[in-house]
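Please read the structure below before turning to the comments.
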Amino acid sequence: MDSKWQLLLDSLGPLALGAITATIPLALVSMALGLLIALLMALMRISKNRVISSIARVYISIIRGTPLLVQLFVIFYGMPSVGLTIDPWPSAIIAFSLNIGGYAAEIIRAAILSVPQGQWEAGYTLGMSRTRTLYRLILPQATRVAVPPLSNSFISLVKDTSLASTILVTEMFRKAQEITASTYEFLLLYCEAAAIYWVICLVLSALQNSVEGRLEKYVAK
């Protein structure tokens, strides 16, 4: 029993380091890029141009209709067959960003459509263009509506980064795999990794509640 506790203590450092230097940065970068893609896709989806709207529909359908693991494999293992070799880290970021972009696009679109039509009319009355009204009035209010589901998507992304281990990205879960390869303590180490993911998610949930409170002032009454 003492040896197991010692193993837990000895492995805590490498796992925590993997979370800080790889898991969290991977999730943050992917989420940031994914939100840019999502915003673009959401605006394309609500466009009155059928071609632009259809392109966004197809993209979202493909992303939502295929597993994330398959997307990772297509980018990392599949692209070399057409002469495009991408390193593990960029491959993971591309796959996670595209995946988040597909799911978050519908969240952002729904948030934009939830803003009362009167807010658009108020912008036009003030002499604002449609674009200016969107960015000055609509998006700040839509952000408040979108924060909870987007936060949940980010929390899911943090956990999904464990899939990056399948394409040789040395994040926290891969660190756990490396340690178990020499100790054979699979249950112990994987439970420890799960506990660290859980703590990260608890912290993110607390931050989510804080952000929601700050954005409350943007809700139209």
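The values are calculated or read from the model by the stated rules, or taken from the named source; none is laboratory data. Everything numeric here is computed off the predicted structure, so don't read it as measured data. Counting neighbours? That spans all protein chains shown, and the Cβs are built from the backbone with ideal geometry, glycine included.
Taking segment 167-193, which residues are assigned to a helix (DSSP H, G or I), of a type in the set (A, V, I, L, M, F, W, C) and in contact (Cβ under 8 Å) with a residue 12 or more places away in the chain?
I167, M172, F173, A176, I179, L188, L189, A193 - these are the residues of segment 167-193 that are assigned to a helix (DSSP H, G or I), of a type in the set (A, V, I, L, M, F, W, C) and in contact (Cβ under 8 Å) with a residue 12 or more places away in the chain.
Going through S205, S210, S151 one at a time, which residue ends up being surrounded by fewer than 19 Cβ atoms within 10 Å (Cβ to Cβ), under 24 Å from L28 (Cα atoms), touching a helix residue (DSSP H, G or I) at 6+ places or on another chain (Cβ under 6 Å) and of a type in the set (S, T, Y)?
S151
Considering L189, L157, L150, which residue is over 23 Å from the mean Cα position of the chain (by Cα), of a type in the set (A, V, I, L, M) and at pLDDT 90 or above?
Of L189, L157, L150, the one residue that is over 23 Å from the mean Cα position of the chain (by Cα), of a type in the set (A, V, I, L, M) and at pLDDT 90 or above is L189.
From the list L17, L7, which one is at pLDDT below 95, farther than 20 Å from V147 by Cα, exposed (fewer than 14 other Cβ atoms within 10 Å of the Cβ) and of a type outside the set (D, E, K, R)?
L17
Mind checking whether some residue in segment 51-68 is surrounded by 13 or more Cβ atoms within 10 Å (Cβ to Cβ), in contact (Cβ under 8 Å) with a residue 60 or more places away in the chain and in a helix (DSSP H, G or I)?
Yes, there is a match, as at least one residue in segment 51-68 is surrounded by 13 or more Cβ atoms within 10 Å (Cβ to Cβ), in contact (Cβ under 8 Å) with a residue 60 or more places away in the chain and in a helix (DSSP H, G or I).
Working only within segment 79-112, note down all residues that are under 22 Å from V29 (Cβ atoms) and among the small types (G, A, S).
S91, A92, A95, S97, G101, G102, A104, A105
For residues that are β-branched (V, I, T) and in contact (Cβ under 8 Å) with a residue 12 or more places away in the chain, scanning just segment 1-36, find the one that is nearest to C191 (Cα to Cα).
T23
What number of residues within segment 20-50 satisfy the criterion of being closer than 25 Å to E192 by Cα and surrounded by fewer than 15 Cβ atoms within 10 Å (Cβ to Cβ)?
Summing the residues that are closer than 25 Å to E192 by Cα and surrounded by fewer than 15 Cβ atoms within 10 Å (Cβ to Cβ) in segment 20-50 gives 3.
Tell me which residues, restricted to segment 165-184, are of a type outside the set (S, T, Y), surrounded by 15 or more Cβ atoms within 10 Å (Cβ to Cβ) and touching a helix residue (DSSP H, G or I) at 6+ places or on another chain (Cβ under 6 Å).
I167, V169, E171, M172, F173, R174, K175, A176, I179
Considering each residue of segment 83-116, count those that are without any contact (Cβ under 8 Å) to a residue 60 or more places away in the chain and over 24 Å from I60 (Cβ atoms), and give that number.
Of the residues in segment 83-116, 3 are without any contact (Cβ under 8 Å) to a residue 60 or more places away in the chain and over 24 Å from I60 (Cβ atoms).
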